[in-house]
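Here is the structure we will look at, set down as structure tokens.
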Amino acid sequence: MNGRIGRVVNTPASTQAAGVRSPKSSYAWNIQRKCFSPAHITPTTQVEYKKNYNKYIQTNQKKFFILLHSLCKTWAMNISDKDEIDLTKFSPENIRNFSIIAHVDHGKSTLADRLLEITGTIPKNAKNQQVLDTLQVEKERGITVKARTASLFHTHKGQTYLLNLIDTPGHVDFSYEVSRSLSACQGVILLVDANQGVQAQTMANFFLAFERNLTIIPCLNKIDLHNAKPEIVLEQLNNVFDTDPDDVFKISAKVGTGVQELLAAIIEKIPPPPGDRNKPLKCLVFDSQYDQYRGAVGNILVLDGSVKKGDKIMSLFSKKSYEVQGTGILHPNEKLVNVLYAGQVGFIHANFKKISDFQVGDTFCHQKSPVEPLPGFKPAVSVVFAGIFPSDQSQLIVLKAAMTKLTLNDGSVSVNVESSPAIGQGWRLGFLGMLHMDVFCQRLEQEFGTSVIITAPNVHYRVRIKGKRNIKLYGDEIVDILNPCKLPDLNIIEELLEPMIMATIIIPDQYLTAVMSLCHERRGNPLEQTYLDQHRMVLKCIFPLNEVLIDFFDELKSITSGYASFDYEDHGYQQSDLVKVEFLINKNPVEEMTLICHRSNSRNRGKEICVRLKELIPRQMTYVTIQAIIGSDIVAREDIKPIKKDVLAKCYGGDVTRKNKLLNKQAAHLKKLKMVGTVKIPKDTFIKVLKKK
């Protein structure tokens, strides 16, 4: 510890000579005084404090920094209070709530950057790249995984408007984020890459907005590229969405071309939000996150009335009441406001004691003026399930707390307690896709410092049980199977159902043969083929979800040289001839590797995974046997030879009995290790072995 902190808070010499302290230095001086109780020291002058600084800071470091951080945060909030933004003049007629929707990498975040610059929300800077993507995982992967809100102020024809922008993810795994964001909007910008054209997620997002009767502003981006094909893409928009080419805006979000005209269209074409300030408060929570100091903080849309600091509000979900501690908007960072009025989008925090008290989709009202609750959101349906366990069981409580905080920010994750004989206590989580699972686990590690083991992912199966006695045992005729290990014996199953999807695949027609071959390999059933333009096709296929879960999209991209796009939606359940494949390592079952697959491919699948396990499991001190079994039949086997220590290296000539004694001793030791030892399996093995290539 050095004396730099003491020097930072000292007032300038000229100020001290005049006997006056500046407000900031005075506040810092009060922070230092409050860091120690009177029992330790009660300094009255900075000179006396400086003399005793080093002595007392050594014995009070922890207390000093905790209180210093707390008081600095309070100081920052006090300064913000003086700079509060007054939203009184922004009636619903002067507000526009809109979102940007598009396929992956079509320029949503870049357009958001230009809108922030043009409206003066952030200064123009070449370093402004994906300003709203604040998560580390977003910066590393170059994708948006969380919808972000930003409030912009823009003057149009002499009138100042409040524009609430929501930047949304583009990947199919995060479509639930898009769906929630659209509930707070009256219009959207449908962004399409002028080079890549209409993609699968472009179509999915268009119909999400169309079903909600939102105003859609079509827009071509990246028109400055040399290989841009705006005329062809305009034809695609007309064929697929019946869009008039004259209504499509042509912009370059990177250099700002045409963005001013688009900004004017947002004000002129998107309708203002409905709402009445004079009605009782009714607000919808459409997103939330956890703050270390304030607890749960929610993004809300105020539909009617107004809400301000000090109001007593009530949740219509939990029926609990809270006192509002603060309201504000994102500009793009948090800015406090005195009141949030009808039609406005902002954030609110109220010292919620439990994270579960603040649910996305909840309706809040004033405690003394209850209203009818809003429908909320359709619950997200998890399609991928995997076991999540702490790498060290001593970190179980830490992992539980981290998951509780992270699921507040990502309500599409389902959580169920699970235990494993090999790994210990953990949870079985449900996700919207493999990327969603990967991002969630990466956020656990980056934001909370937890290390986890992920078991083999699987889908949600259903079985119909036969026999009254068996039905009574399982509690119902239809049983949901989230964990393949829990699959009942095939003798008591009347039928086994697997989830199906309706896939939309867009490809250049030259790759049709290769793609159809891949679809057939993955048990796909082609339904229709239509031309998007002269060279690109749209394929509709029905697949078992399990066949496209792990690496289908990667292989699709590979065989089409990266030109394919893929999207899917739920298509119910279908009866299928499925079996359970189990794996043994040294005759011990590895439940985390158990999978369910089609009988026709079960033997080949078992053989493939045994070979991959042999490649991924490091050599041990003992002989390792890997087996795949279906029922009581062993369908595949692989062996890993042990690492052999040369115990005879230190021997030279002499009696052979000495060598035999060492060899026998080594054999006895290895036999003991094989009986009591465990095979070390790398924690990423469970995912890697399931990839088919």
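Numerical summary
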| quantity | calculated |
| --- | --- |
| Nearest-0.05 FRET efficiency for D438 and R658, computed from C-beta distance (R0 56 Å) | 0.50 |
| Paired Rg and Dmax values of region 459-509, which use every Cα atom, in angstrom | 15.5, 55 |
| For region 178-295, alpha-carbon Rg over 2.2 N^0.38 Å | 1.28 |
| Point-to-point label distance, T404-V255, nm (Cα→Cβ direction, 7 Å offset) | 5.4 nm |
| Gap separating the Cα centres of region 117-163 and region 250-281, nearest whole Å | 14 Å |
| Unit Cα scatterers, Debye sum, region 417-468: log10 I(q)/I(0) for q = 0.18, 0.32 Å⁻¹ | -0.74, -1.29 |
| Interatomic Cα distance distribution for region 384-455, bins of 5 angstrom, percent | 3, 17, 32, 30, 14, 3, 0 |
| Pairwise FRET efficiency - I232 versus L512, Cβ, R0 = 25 Å, nearest 0.05 | 0.85 |
| Between region 557-579 and region 475-498, the alpha-carbon center distance in angstrom | 24 Å |
| Stretchable slack from A668 to L225, in nm (0.36 nm times residue separation minus alpha-carbon distance) | 152.4 nm |
| Taking all pairs of distinct alpha-carbon atoms in region 92-269, Kirkwood radius in angstrom | 16.2 Å |
| Rg and Dmax [Cα atoms of region 227-367; Å; Rg one decimal, Dmax integer] | 20.2, 59 |
| Cα gyration tensor shape for region 461-576, rounded if a/c is under 1.5, else prolate or oblate | prolate |
| Cα-Cα P(r), region 331-388, percent of pairs per 5 Å interval | 4, 10, 15, 20, 21, 12, 8, 5, 3, 0 |
| Cβ-derived FRET efficiency at R0 56 Å, D242 paired with Q393, nearest 0.05 | 0.45 |
| Sequence-separation-based contact order of region 282-366, relative, with Cα cut under 8 Å and 6+ spacing, percent | 40 percent |
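We did not get these values from a lab; they are worked out from the coordinates using the rules stated. This structure is a prediction, so every number in the text was calculated from the model and none was measured. Neighbour counts run over all protein chains shown; Cβ positions are idealised from the backbone, glycine included.
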